[in-house]
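J.: Sharing a structure, written as structure tokens. Questions coming.
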Amino acid sequence: MLPDPESLEKLPDPRCPARITIFYGPFPEELLSDYSINISTGGVFIESNMILPQDTVLTVRFNLPNSAVPIYTHARVAWVNEPGNIKKASLPPGMGLQFLTLTMEDMHTVRTFLDNREFMPT
């Protein structure tokens, strides 16, 4: 059973607010784009009206202000906040994505971004 959205904030890697353009999709050659609401080394929540089914595996790409190199990873839809079925009222409709293949180098880049609180939009 997957954790409920409220318990996600109690994870070892708490999510921090960040508005970043996230490119994602089940097919690497056809990526959608939306904005993140929060991010951690474990995943990202993206605001989206295109809600994909839970457990969908996605290709994800994004740039952080502290890195000239984009981050490419796979992620799965861990939970959804659907417009007609909001699970967490403090978040807009969208999806919580869990990173699956984040490299150690990319994890360090995300951690540095979070430690420096560089939350400006990209």
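J.: Which percent of Cα-Cα pairs in segment 40-95 sits in each 10 Å bin, short to long?
T.: Each 10 Å bin holds this share of Cα pairs: 22, 48, 26, 4.
J.: Hey, another quick one. Taking a quarter of the surface of the Cα convex hull of the chain, what do you get in nm²?
T.: Computed as one quarter of the Cα hull surface, the answer is 7.1 nm².
J.: Another question, then. Before anything else, pin down the relative contact order of the chain: Cα pairs under 8 Å, at least 6 apart, normalised by residue count, whole percent.
T.: 26 percent
Bear in mind that the values in this text are calculations on the coordinates, not laboratory data. Bear in mind the structure is a predicted one, so any value in this text is a computation, not a measurement.
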